[in-house]
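**Q** My structure is below; once you've seen it, I'll send some questions.
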Amino acid sequence: MKKVKRWRYYCDFCGKGGGHAGYMRRHEAACTMNPNRCCNMCEYAGGGGDDLPDLIALVKKLISVQKFESEFGEYFKVEAEDGALDKLREAAECCPACMLAAIRQAGEGYWLDDFNFKKEKDAMFAAHNEEQQAMRGY
């Protein structure tokens, strides 16, 4: 019988785990819960948007959250301003990772019901690919 120990590495910000230190270092650098994150998607979106603290402040301004206690636990009543998602998208310069980071770091209960990371990411990459094809003359 052979007994082997395996190291596990965990993100200091979100708790995600992995078996490879290098991968987890890369994850931590761009983790959406890291307040000093470096965004890997901004270059595809067309540049960097507002700084993360500015985006977080915008999310808190656009969304009002009320926290309630009940016998079943706590729940939140969330109301977003009209066009909140469009305003956040514009401030983040269409970078879905920066939008997600701002929403997650704004605090518990802050969420935009119409925000869908996958749809935002797909739209951003489609626009990026069209721009690249236009530059190449396709």
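No lab work stands behind these numbers, since they all come straight from the coordinates. Because the structure is predicted, anything quoted here is derived from the model rather than measured. As a convention, Cβ positions derive from the backbone with ideal geometry for all residues, glycine included, and neighbour counts pool all protein chains shown.
**Q** Mind listing whichever residues of the range 12-33 are in contact with an Asp or Glu (Cβ under 8 Å, 6 or more places away or on another chain) and outside any loop (DSSP other than H, G, I, E, B)?
**A** Residues of the range 12-33 that are in contact with an Asp or Glu (Cβ under 8 Å, 6 or more places away or on another chain), as a first pass: 12-13, 28.
Across the range 12-33, the qualifying residue is only Glu28.
**Q** Going through the range 103-121 one residue at a time, which ones are over 14 Å from the mean Cα position of the chain (by Cα) and either of a type in the set (Phe, Trp, Tyr) or under 19 Å from Cys39 (Cα atoms) (or both)?
**A** Passing the criteria: none in range.
**Q** Okay, next question. Does any residue of the range 88-105 turn out to be farther than 23 Å from Ala126 by Cα, surrounded by fewer than 19 Cβ atoms within 10 Å (Cβ to Cβ) and touching a residue at least 12 places away in the same chain (Cβ under 8 Å)?
**A** Taking every residue of the range 88-105 in turn, at least one turns out to be farther than 23 Å from Ala126 by Cα, surrounded by fewer than 19 Cβ atoms within 10 Å (Cβ to Cβ) and touching a residue at least 12 places away in the same chain (Cβ under 8 Å).
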